[in-house]
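The values are calculated or read from the model by the stated rules, or taken from the named source; none is laboratory data. Since the model is a prediction, treat every value here as computed from it, not as a measurement. Here Cβ is always computed from backbone atoms with ideal geometry, including for glycine, and neighbour counts include all displayed protein chains.
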Amino acid sequence: MVLSPHRVVQPDVVYITKERLQIIQRVIMGPVDLVTEVISLGGRNRDRIEKRDLYEQHGIREYWIIDPEANTADVLALVNGRYELAMRCGPGQTVSFRQTEDSKNSAFRFPHLAFWHCPMVRSPVFGQRS
């Protein structure tokens, strides 16, 4: 995803609304509607601070941070140009795209985008404990 001439990122998961599909060219040109990052070993600071600030600065409407170690999913929604914690999900809870379009809080919902059952799966990649 190309955010500026000198800033290119490759999020774990992105979502683009049908109305904005034109940003998909040879690469994704500009901010998407939703970015999801899965925190990797040693990546907590990068995902929770650096990427959060970057995505906020470039107007990405919603940012999900999946933390396998803490067994949580944080949903950050852009409100008046700043991210606010909209919800924190644990195992078995529903995570949904719940952002607002602008400061007027007009609805901007994606009813088909949700993790209906959200168990945080531990795998060898995330340091499974025996």
For the range 55-81, name all the residues that are in contact with a strand residue (DSSP E or B) (Cβ under 7 Å, 6 or more places away or on another chain) and part of a helix (DSSP H, G or I). 55, 56
Among the residues of the range 36-47, the number that are assigned to a strand (DSSP E or B) and either on the phi > 0 side of the Ramachandran plot or of a type outside the set (A, V, I, L, M, F, W, C) (or both) is 2
Looking only at the range 69-84, count every residue that is under 15 Å from the mean Cα position of the chain (by Cα) and closer than 19 Å to residue 58 by Cβ and tell me the total. 9
Residue 50 - would you say it is in a helix (DSSP H, G or I), surrounded by fewer than 18 Cβ atoms within 10 Å (Cβ to Cβ) and modelled with pLDDT of 90 or more? yes
If you go through the range 54-68, how many residues are at pLDDT 90 or above, charged (D, E, K, R) and surrounded by 18 or more Cβ atoms within 10 Å (Cβ to Cβ)? 2
Within the range 48-80, can you find the residues that are among the charged types (D, E, K, R), without any contact (Cβ under 8 Å) to a residue 12 or more places away in the chain and within 20 Å of residue 16 (Cβ to Cβ)? none
